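Heads up, the thing below is written out as structure tokens.
Only the coordinates and a few stated rules stand behind these numbers; no lab work does. Not measured: the values here are computed from a predicted model. We place every Cβ from the backbone using ideal geometry, glycine too, and count neighbours over all the protein chains shown.
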Amino acid sequence: MTDLYTIRIRDRSSGESYTLQVPQDRYILQSAEKQGTELPFACRNGACTTCAVRVISGEIYQPEAMGLSAELQSQGYALLCVSYPRSDLEVETQDEDEVYELQFGRYFGKGKVTVGLPLDEE
């Protein structure tokens with residue numbers, strides 16, 4: 001028998017809160033949609049940060065979340081499109097740009113930028 005968990009999602013952009021029932025073997029985003037809840041998403045592959053949330057309480061399993069570093073995951077960030085509940089959860093949606101900056105911002109502005117093609121043409 002599959003465990004069923006209560007997931008509470010607070011959508012920061014809309015101010016709405018949702019309560020869902022999600023089986024442990026189903027993605028949270030997919031289950032939310034089937035229950036009529038519209039949440040932000042883009043790729044559905046765990047590669048971007050559009051569906052990012054911060055876990056306030058509970059346990060989440062996200063082995064396919066390649067769009068989040070292990071460091072961000074350890075800080076409580078998750079991607080709903082590839083996340084499975086492992087307990088009752090409370091999460092809060094995040095601003096995609098904020099999470100993207102946390103993930104990749106340290107790489108921008110560090111190297112020399114050259115105008116033109118990357119290859120010399122003679």
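Structure notes:
- Our helix-only sum for the chain, with -39,500 (n - 2.57) per DSSP H run of n ≥ 4 divided by its residues, gives a mean residue ellipticity at 222 nm of -4500 deg cm²/dmol.
- Fully extended contour minus Cα-Cα distance, from ALA70 to ARG26, at 0.36 nm per residue: 13.7 nm
- Computed from the Cβ-Cβ distance with R0 of 22 Å, the FRET efficiency linking TYR18 to GLU96 stands at 0.75.
- Computed from label points 7 Å out along Cα-Cβ, the spacing between LEU4 and PHE41 is 2.1 nm.
- Cα gyration tensor, segment 33-97 - rounded (a/c under 1.5), prolate or oblate: rounded
- Sequence-separation-based contact order of segment 1-79, relative, with Cα cut under 8 Å and 6+ spacing, percent: 20 percent
- The calculated Kirkwood hydrodynamic radius for the chain is 15.4 Å, given to one decimal from all distinct C-alpha pairs.
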